[in-house]
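Data first, discussion second: the structure below is written as structure tokens.
The values are calculated or read from the model by the stated rules, or taken from the named source; none is laboratory data. What you see is a predicted model, and the numbers here were worked out from it, not measured in a lab. Glycine gets a Cβ as well: all are built from the backbone with ideal geometry, and neighbour counts include every protein chain shown.
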Amino acid sequence: MISPIAAGLGAGLGVAAGAGLAGGVLAYASLWPGSRIFGSAITAPARPGELALTFDDGPNASWTPPLLDLLDQFSVRATFFLLGSRAAAQPDLVRRISRAGHAVGNHTWSHPNLARTRARRVRDELARTSDALGQILGQPITLFRPPFGSRRPAVFRIARELGLEPVLWNAMTSDWSEPSALRIAARLQRKIDRIQRHGRAVNIVLHDGGHLDPAANREPSVSAARLLLERYAKTHRFVTVDAWI
């Protein structure tokens, strides 16, 4: 016979284990791009043969211009998720991105973890960035990517109230810290080929900027983008993310 103390202890451990499991599920849902627990977002549709190159954390005065030259060389249009604080400091570069035919999205003002940010600040981060980008470009911003992919239910609700469509991804590697363009490109190529075999388009994340350093060295990321373009530009269709709305 189990004593009341043992039974109570077992129940307590079960509750604790359940709470730990629930916490793990919620942590996963707040960060993993494939999770839909906290709401739907654009990732990539069932369109094999389509690729979207997306770039986060810019603009970067040193590396965004050569990246734009590279994309123009291959006649490819990409999607740039810009930080409002960086965009406000470099309006001419933001206009250059848009004039080249690339899509521009909202990546918040200062790159906070929105899963841990109060709703009032979430709204301010998104509204301030959309206002700044809208004034620079003379047109509304409709795309939004949460920094780190972090979110909770209020984040996507606020974004949509501001006219923003949330965008995540299905192919990314640590290009922000990996010094080898060859390794960045190889890892992404394996993901791209696997996703394509499953009949889906691919939403690729690279970084032309850095949220901790406005002058971050993004040579490996830009060189990796070149390698991807050299491999796929003749056999695949590159699109901007808004083509999937």
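Listed by first and then second residue, the pairs linking a residue in the range 86-112 that is among the aromatic types (Phe, Trp, Tyr) to a residue that is assigned to a helix (DSSP H, G or I), with Cβ atoms under 6 Å apart and 6 or more places separating them unless they lie on different chains, are TRP109/GLY84; TRP109/SER85; TRP109/GLU125; TRP109/ARG128; TRP109/THR129. For the range 108-117, a residue qualifies if it is out of contact with any Lys or Arg (no Cβ under 7 Å at 6 or more places or on another chain) and either surrounded by 24 or more Cβ atoms within 10 Å (Cβ to Cβ) or in a helix (DSSP H, G or I) (or both), and the qualifying residues are THR108, ARG116.
Do we have any residue at all in the range 141-156 that's in the same structural domain as PHE55 (by TED's automatic domain parsing), under 18 Å from GLY210 (Cα atoms) and of a type in the set (Lys, Arg)? So far as the range 141-156 goes, yes, one or more of its residues are in the same structural domain as PHE55 (by TED's automatic domain parsing), under 18 Å from GLY210 (Cα atoms) and of a type in the set (Lys, Arg).
Here ARG123 fits the description: touching a residue at least 24 places away in the same chain (Cβ under 8 Å), closer than 28 Å to ARG95 by Cβ and among the basic types (Lys, Arg). Restricting to helices (runs of 4 or more DSSP H) lying wholly in the range 61-107: which have 1 or more residues that are among the aliphatic types (A, V, I, L, M) and under 24 Å from ARG231 (Cα atoms)? Of the helices (runs of 4 or more DSSP H) lying wholly inside the range 61-107, those with at least 1 residues that are among the aliphatic types (A, V, I, L, M) and under 24 Å from ARG231 (Cα atoms) span 64-73, 91-99.
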